[in-house]
Amino acid sequence: MDNLTKLNLDEYKPLRDVVFENLREAILEGQLKPGQRLMEVQLAEQLGVSRTPVREAIRKLELEGLVVMLPRKGAYVANMSLKDVIDALEVRASLEGLSASLAAERISDIDLKKLKRIAEEFKESTMNADIETLLKKDVEFHECIFEAANNNKLRQVINSLWEQVYRFRVTYISDYDSSLSIVEEHKNILDAIEKGDCELAKKYATEHIEKAEQFMIDKAVGNKEL
């Protein structure tokens, strides 16, 4: 946990939220490794806070599936097996399909314009092999669709699933052939949404996630592990 630094506190956010966001980011970006024990005292010292907001953050991370609590042993960063990843992607494929279908029915002109811009920026990042921007733009593309779907409960559930497989999305998007495929997949989803074709948008969005799922399976078979 040597990579963690003291927090820059946001005066507009409760301390527990700042600590939670910092720890979640550290887990998703691999600073806190799968299977690593989370020691409240050590984390509090490194972040420059008391133990209480750290304890609250760990409980919230447990609810999101990023931390597991073991009886008499404490809190650990969750390990995800291949089955865990596939299970999450299977659910996400259905929910992404629903989200795209709703977006095709409800998207505003402003959100449609935004979605087109993000898709183009993702394409440009692919040409530049800019992995950091690719990841950012991929998140923005899907977030824009979630927003256009205008269903807060759906968005909350999908975001939770995204966080659970974030580490593996990095591997997927970093693969050049995969990133080129994603450009075309984004275009298909975008075109269907623009046409207001709910069924086609649902089909393309579902297939988009299913391809990521197959990539994970193929990689696991090839490497014998994720």
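The values are calculated or read from the model by the stated rules, or taken from the named source; none is laboratory data. Model, not experiment: these values are computed from the prediction. Cβ: placed from backbone, ideal geometry, glycine included. Neighbour counts: every protein chain shown. Remember, those area values only see protein heavy atoms, side chains included, never the ligands or the DNA or RNA. Shrake-Rupley method; radii C 1.70, N 1.55, O 1.52, S 1.80 Å.
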Q.
Can you sort Met80, Met39 by solvent-accessible area, 1.4 Å probe, largest first?
A. Met39, Met80
Q) So, counting K/R as plus one and D/E as minus one, what does the shell of residues with Cβ under 12 Å around Thr133 add up to? A) -3
(Q) Ignoring everything except DSSP H segments at least 4 long, calculate the 222 nm mean residue ellipticity for the chain; use -39,500 (n - 2.57) per segment, divide by total residues, nearest 500. (A) -24500 deg cm²/dmol
Q: Quick one: which residues, 5+ away or cross-chain, put their amide H under 5 Å from the amide H of Leu38? H built at 1.01 Å from N.
A: Ala75, Tyr76, Val77
(Q) If amide hydrogens are placed 1.01 Å from N in the peptide plane, which non-local residues have theirs closer than 5 Å to the one on Leu32? (A) Ile27
Q) Could you give the angle, 0 to 90 degrees to the nearest 10, between helix 131-149's Cα long axis and the longest principal axis of the Cα atoms of the chain? A) 70 degrees
Q) Along the range 182-188, what does the Karplus equation 6.51 cos²θ - 1.76 cosθ + 1.60 (θ = phi - 60°) give for ³J(HN,Hα), rounded to whole Hz, x for Gly and Pro? A) 4, 4, 5, 5, 4, 4, 4
Q: Report, in whole Å, the centroid distance computed from the Cα atoms of the range 135-208 and the range 68-107.
A: 14 Å
Q) Using heavy-atom solvent-accessible surface (probe 1.4 Å) with all chains present, what is the largest-first order of Glu121, Glu185? A) Glu121, Glu185
Q) For the chain, modelled as a GNM with alpha-carbon contacts under 10 angstrom, which of Val49, Val68, Val165 fluctuates the most? A) Val49
Q: Calculate the dipole size of the range 51-146 relative to its Cα centre from +1 charges on Lys and Arg beta carbons and -1 charges on Asp and Glu beta carbons; express the result in debye to the nearest 20.
A: 560 debye
Q) Here are several values of log10 I(q)/I(0) by the Debye sum over Cα atoms at q = 0.07, 0.08, 0.12, 0.18 Å⁻¹: (1) -0.21, -0.28, -0.64, -1.46; (2) -0.25, -0.33, -0.73, -1.29; (3) -0.19, -0.25, -0.58, -1.38. Which one was derived from the coordinates shown? A) (2)
Q: Using θ = phi - 60° and the Karplus relation 6.51 cos²θ - 1.76 cosθ + 1.60, list the HN-Hα couplings for the range 60-75 in order, rounded to whole Hz, with x at every Gly or Pro.
A: 5, 5, 5, 5, 8, x, 8, 10, 10, 9, 9, x, 6, 10, x, 9
